[in-house]
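Since the structure comes first, as structure tokens, the remarks are kept for the end.
Since every read-out is calculated from the coordinates, none of them should be taken as a lab result. Computed from a predicted model, the values in this text were never measured in an experiment. For neighbour counting, all protein chains shown are included, and Cβ atoms are generated from backbone atoms with ideal geometry for every residue, glycine included.
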Amino acid sequence: MYKRQKVASAPAKADVDTPIENPDADIATMDGVEKEVSEDAATITGGKSYSTLDDALKDAKTGNEVVLQKNHKGNIKIAEWIKLNLNGNKIEGNVDVDLSGKKDEATSQDGETDAGKKVEITGGTITGGTDSGVKIIGADVKLENVNVTGNSSQGNGGGIYVEDGSVEIIGGSISGNSAAAVSYTHLRAHETRG
């Protein structure tokens, strides 16, 4: 009734503790799960790669775009008129944008902010900040498709705090943040939905 068929022997068991690398890609696989192995934390468009986001931000000049290559844990400070592209990643910590010493550089003769003098943060998540998720002092900031969530402050602005500046919010969300006090004295926010 049953016909006997020859079955090929099973391959030798693979050592799952040894990563299998693909020389044509920047990934390694272990237990069938792909993981990025890039050591670069951030790059400056048209420039070089950096092992830490902090180093890229310190080296960035006005007009540069810093691109985050992987999630970042820790506080950061932006002190130049740049674009920070989160590239779908998240920053877990405070994002301080302090250009209070450069505010005069951004003002034209008619008192309006030069369109090129705006800090932009795009495409990702800012979470886990304990002194506001995004703290803006002396700057005009554009947040585009950024989720600001799970941040707190013992003072004002759990998610976003603005002093002597402005924030423009396009897309993204601001939710699940908390603050001990709430003050709108210095806030001039614009929300645009697209």
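Numerical summary
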item	result
Residue-by-residue Karplus 3J(HN,Hα) for segment 46-52, coefficients 6.51, -1.76, 1.60, Hz, glycine and proline x	x, x, 10, 9, 10, 6, 9
Simple spin-label estimate for THR130 and GLU65 in nanometres, 7 Å along Cα-Cβ	3.5
Segment LYS77-GLU92, extension gain: residue separation times 0.36 nm, minus the distance between their alpha carbons	4.1 nm
Amide H within-cut-off set for VAL148, under 5 Å, with H built and near neighbours excluded	ILE126, SER173, ILE174, SER175
Using θ = phi - 60° and Karplus 6.51 cos²θ - 1.76 cosθ + 1.60, couplings along segment 122-135 (whole Hz; Gly, Pro as x)	9, x, x, 10, 10, 9, x, x, 10, 10, 6, x, 10, 10
Length gained when the stretch SER175-SER100 is fully extended (0.36 nm per residue, less Cα-Cα span)	24.3 nm
